[in-house]
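Visitor: Quick one: structure below, then a few questions.
The values are calculated or read from the model by the stated rules, or taken from the named source; none is laboratory data. Quantities reported herein were computed from a predicted structural model and do not represent experimental measurements. Note that each Cβ is placed from the backbone with ideal geometry, even for glycine, and that neighbours are counted across all protein chains shown.
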Amino acid sequence: MGMALYDQGRFNEAVESYQKAVTIKPDIADAYYNLGNALRNEGGLDAPIDSYQQTIKIKPDLAEARNNIVFPLQASKL
């Protein structure tokens, strides 16, 4: 559900969907990664970082999470 909402540009609703997913099943790295992407598209800085960090904890080899965490980290330093 989150992916469909994200693809439609409905980021706030996608965030809610991903948050429900990680609450139900907190060991799914892809849900945290997609949550981070949706939060980043909403314009948040700290929340995407937390989601990407959680992704990396669960799945350290997910290069996309390591790459995407750079954007909000750089923006938060501005």
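Visitor: Does Tyr18 count as of a type in the set (Phe, Trp, Tyr), modelled with pLDDT of 95 or more and in contact with a helix residue (DSSP H, G or I) (Cβ under 6 Å, 6 or more places away or on another chain)?
Guide: Numbers: of a type in the set (Phe, Trp, Tyr): yes; modelled with pLDDT of 95 or more: yes; in contact with a helix residue (DSSP H, G or I) (Cβ under 6 Å, 6 or more places away or on another chain): yes.
Yes.
Visitor: Write out, first by first residue and then by second, each pair whose Cβ atoms fall under 8 Å of each other, whose residues are 6+ apart or on separate chains, and whose first residue, in the stretch 34-58, is at negative phi while the second is β-branched (Val, Ile, Thr) and modelled with pLDDT of 90 or more.
Guide: So the pair list comes out as Leu35/Val15; Leu35/Val22; Gly36/Thr55; Ala38/Val15; Leu39/Val15; Glu42/Val15; Gln54/Val22; Ile58/Ile28.
Visitor: Restrict the check to the stretch 65-72 and report whether at least one residue is among the aliphatic types (A, V, I, L, M), crowded, with 17+ Cβ neighbours inside 10 Å and modelled with pLDDT of 95 or more. Quick ask: steps written out before the conclusion?
Guide: From the stretch 65-72, those among the aliphatic types (A, V, I, L, M) are 65, 69-70; that's our starting set.
Filter once more, so that each one left must be crowded, with 17+ Cβ neighbours inside 10 Å: 65, 69.
Next, only the ones that are modelled with pLDDT of 95 or more stay: none.
No: zero hits.
Visitor: Given (1) modelled with pLDDT of 95 or more; (2) farther than 18 Å from Phe71 by Cβ, identify the lone condition not met by Asp7.
Guide: (1)
Visitor: Pick out the one residue from Glu64, Glu16 that is closer than 19 Å to Met3 by Cβ, among the acidic types (Asp, Glu), touching a residue at least 24 places away in the same chain (Cβ under 8 Å) and part of a helix (DSSP H, G or I). Reasoning before the result, please.
Guide: On the way: Glu16 fails: touching a residue at least 24 places away in the same chain (Cβ under 8 Å).
Step by step, each of Glu64, Glu16 is checked, and only Glu64 is closer than 19 Å to Met3 by Cβ, among the acidic types (Asp, Glu), touching a residue at least 24 places away in the same chain (Cβ under 8 Å) and part of a helix (DSSP H, G or I).
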